[in-house]
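Some notes on the structure that comes next.
Quick note: the coordinates plus some simple rules give every number you see, no bench work behind them. Owing to the predicted nature of the structure, the values given are computational and were not obtained by experimental measurement. Don't worry about glycine lacking a Cβ; one is built from the backbone with ideal geometry, like all the others, and counts go over all protein chains shown.
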Amino acid sequence: MSSRMFDSGKALVEYCNEQHITLGEAMLRREVAMGEHSREEIERDMCANLEVMRSSVRKGLTERVESVSGLSGGEAMLLFRYSKYNPFTGDNTCRAAASAMAVVEVNAAMGCIVAAPTAGASGILPGVLLECGVERSWTDAQLVEGLFAAGAVGMLFAKNATISGADGGCQAETGVASAMAAAAIVELAGGSPDQCLDAAAMTIKNVLGLVCDPVAGLVECPCIKRNALGAANAMLCADMTLCGITSLIPFDEVVSAMYAVGKDMRKEYRETAKGGLAMTPTGKKVAQRMKRINSK
């Protein structure tokens, strides 16, 4: 099978097993085969992405970044500090959640981030990958491999379903980001390609039907806190997979189900700011306040 031909989870796993390679290596080979850049250039670009991710996490955790709207900023720092005090989620998961929030706070403050797969879900992959990297002493070369593995999963969702909140709700954004992160850390922990996709499938199953309802149409509430949830979701699904738990519904079928559910959602629940939290009394007041501010 050609490395450029895997367009499903099943085909990806078959290619990996046939070649005795990881998801990350398969994705890298695919990029080389389909593009005009060398392996070295593609790896260098991914290293640059890793550095942007690390910088945005650091900025959000050490500086009180505030959004233009004033709706967000500083909460990632609060959670990160709290992680030292025996949090219920465990200090590692709590720090990963805080790091995920940090990136989306930087995004809301017009800072530089990597869309993974979107700006609204940009914190989950770096939050999980970098925190687990610190905890397990993974090298930058390993983290880059994890990013390629995550890219393989994200590509399959983009090709066979959607990664757009406007098309499929928040399940398609923070859900897919969680799937990408779960697959990445399973791979770096020594899991098989099958296990990577099992972890990815379980993350989506946990948030199937999650709506996209940004208050005032801004990528802040509830987006930032959903990134924290997405980080915890990814790490728990990785643990379940690595202990031997499998997904009853195969990855490709989960992707199809997510797409079908997204298409069934009313448009009010797909990034229009006309449903869900955006239409609560407080959500409406915030939207009116933003409208007044923008009209000045």
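I'd like the Karplus ³J(HN,Hα) series for segment 182-197: coefficients 6.51, -1.76, 1.60, θ = phi - 60°, whole numbers in Hz, and an x wherever there's a Gly or Pro.
4, 4, 4, 6, 5, 4, 5, 8, x, x, 7, x, 4, 5, 4, 6
When the Karplus curve 6.51 cos²θ - 1.76 cosθ + 1.60 is applied with θ = phi - 60°, which whole-Hz ³J(HN,Hα) does each residue of segment 166-173 get, with x for Gly and Pro?
6, 9, x, x, 5, 4, 7, 10
Please list, ordered by chain and number, the residues whose modelled amide H lies under 5 Å from the amide H of Ser72; skip anything fewer than 5 residues away on the same chain.
Hits under the 5 Å cutoff: Ser67.
With 10 angstrom as the radius, rank Val104, Val207, Val134 by how many other C-beta atoms surround their C-beta, starting from the fewest. Working shown, then result.
Numbers: Val104 31, Val207 21, Val134 13.
The fewest-first ordering by Cβ neighbours comes to Val134, Val207, Val104.
Once the dipole of segment 113-255 is set up with Lys and Arg at +1 and Asp and Glu at -1 on Cβ about the Cα centre, which of Phe251, Val207, Ala116 lies farthest towards its positive end?
Val207
If you line up the long axis of helix 124-136 against the longest principal axis of the chain, both from Cα atoms, how many degrees apart are they, to the nearest 10?
Helix 124-136 sits roughly 60 degrees off the main axis of the chain.
Which chymotrypsin sites (Phe, Trp or Tyr not before Pro) in segment 10-91 sit in a loop by DSSP (not H, G, I, E or B) and have at most 14 other Cβ atoms within 10 Å of their own Cβ? Numbers along the way, then the final one.
Values: sites: Tyr15, Phe80, Tyr82, Tyr85, Phe88; in loops: Tyr85, Phe88.
Those that pass, being in a loop and sparsely packed, are Tyr85, Phe88.
Please count, across segment 9-295, the pairs of lysine residues with Cα atoms under 24 Å apart that sit 8 or more places apart or on different chains.
Total qualifying Lys-Lys pairs in segment 9-295 comes to 24.
Of (1) 118, 61, 44; (2) 86, 41, 35; (3) 60, 41, 41, which is the value of Cα extents along the principal axes in Å derived from the coordinates here?
(3)
As a test of the formula, what do you get for the chain when each DSSP H run with n ≥ 4 contributes -39,500 (n - 2.57) and the sum is divided by the residue count, at 222 nm and rounded to the nearest 500 deg cm²/dmol? Walk me through the numbers before you get to the answer.
Details: 13 runs with 190 residues, N = 296.
-21000 deg cm²/dmol, from helical runs alone.
Can you give me the distance in nm between label points at Lys159 and Ser8, each placed 7 Å from the Cα along the Cα-to-Cβ direction?
Each label point lies 7 Å from its Cα, and together they span 1.2 nm.
Could you give the length gained by full extension between Ala33 and Asn17, i.e. 0.36 nm per residue of separation minus their alpha carbon distance, to one decimal place?
Numbers: separation 16, 0.36 × 16 = 5.76 nm, distance 1.87 nm.
Extending this stretch completely gives an extra 3.9 nm.
Taking the number of other C-beta atoms within 10 Å as the exposure measure, put Thr162, Thr118, Thr139 in order starting with the fewest.
Values: Thr162 22, Thr118 19, Thr139 9.
Ordered from fewest to most neighbouring Cβ atoms within 10 Å, Thr162, Thr118, Thr139 come out as Thr139, Thr118, Thr162.
Please compute the modelled spin-label separation between Thr246 and Leu208, points set 7 Å along Cα→Cβ, answer in nm with one decimal.
Label-label distance for Leu208 and Thr246, simple model: 1.8 nm.
Considering the options Met180, Asn86, Met155, tell which one lies farthest towards the positive end of the dipole of the chain, charges being +1 on Lys and Arg and -1 on Asp and Glu at the Cβ, about the Cα centre.
Asn86
Can you compute the modelled spin-label distance between Met110 and Ala141, with each label point 7 Å from Cα toward Cβ, in nm?
Each label point is offset 7 Å from its Cα along the Cβ direction, giving 4.1 nm.
Cβ neighbours within 10 Å, averaged per peptide: list 164-175, 240-251 in order, most packed at the top.
Numbers: 164-175: 26.4, 240-251: 16.3.
For the peptides 164-175, 240-251, the packing ranking is 164-175, 240-251.
Sort 121-131, 254-264 for me by packing, meaning the mean count of neighbouring Cβ atoms within 10 Å per residue, highest on top.
Numbers: 121-131: 31.7, 254-264: 18.9.
The densest-packed peptide leads the list: 121-131, 254-264.
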